[in-house]
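Worksheet: the structure to be examined is printed underneath.
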Amino acid sequence: MMLLGDGVSVRWFLEQNANPAARVMKGRTALHYAAQADDSSAVRSLLRAGTSVLAPDRNGDTPWMFAARLLSCSFAVMIRHFTPQWRQTVPAASVSDG
């Protein structure tokens, strides 16, 4: 499993049937690392594979929290687009599409 967000590597691992929800150091998933690296290609691939933006690591931090800390608007829009959980967990006024 990859430890850093890298869109090409993520796609390759997923093609090899890697578990996108597998946890590594500190209980983090690949999506935690992709969010931390603000790698939109890796994030897109992992979200399409069904990785949860709400999966907490050992500290209770989720990939969504990592992205929010970076104030990455493009990442927030991507999560809103690819993740059905969005509307159930994040108030509509907290992120705009603009």
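The values are calculated or read from the model by the stated rules, or taken from the named source; none is laboratory data. All figures in this text were calculated on a predicted structure; none of them were measured in a lab. As a convention, Cβ positions derive from the backbone with ideal geometry for all residues, glycine included, and neighbour counts pool all protein chains shown.
Structure above, values below:
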{"item": "Selected residue (only one of Arg44, Arg69, Arg28, Arg58 is over 10 Å from the mean Cα position of the chain (by Cα), closer than 23 Å to Val8 by Cβ and basic (Lys, Arg))", "result": "Arg28"}
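Results for (1) modelled with pLDDT under 85; (2) over 24 Å from Leu71 (Cα atoms); (3) of a type in the set (A, V, I, L, M, F, W, C), shown as yes or no for each residue.
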| site | (1), (2), (3) |
| --- | --- |
| Met1 | yes, yes, yes |
| Leu4 | yes, no, yes |
| Asn19 | no, yes, no |
| Arg23 | no, yes, no |
| Lys26 | no, no, no |
| Asp38 | yes, no, no |
| Arg44 | yes, no, no |
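Per-residue answers, yes or no, for (1) of a type in the set (Lys, Arg); (2) in a loop (DSSP other than H, G, I, E, B); (3) surrounded by fewer than 18 Cβ atoms within 10 Å (Cβ to Cβ):
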| site | (1), (2), (3) |
| --- | --- |
| Phe13 | no, no, no |
| Ala18 | no, yes, yes |
| Ala21 | no, yes, yes |
| Lys26 | yes, no, yes |
| Leu31 | no, no, no |
| Gly50 | no, yes, yes |
| Asp57 | no, yes, no |
| Asp61 | no, yes, no |
| Ala67 | no, no, no |
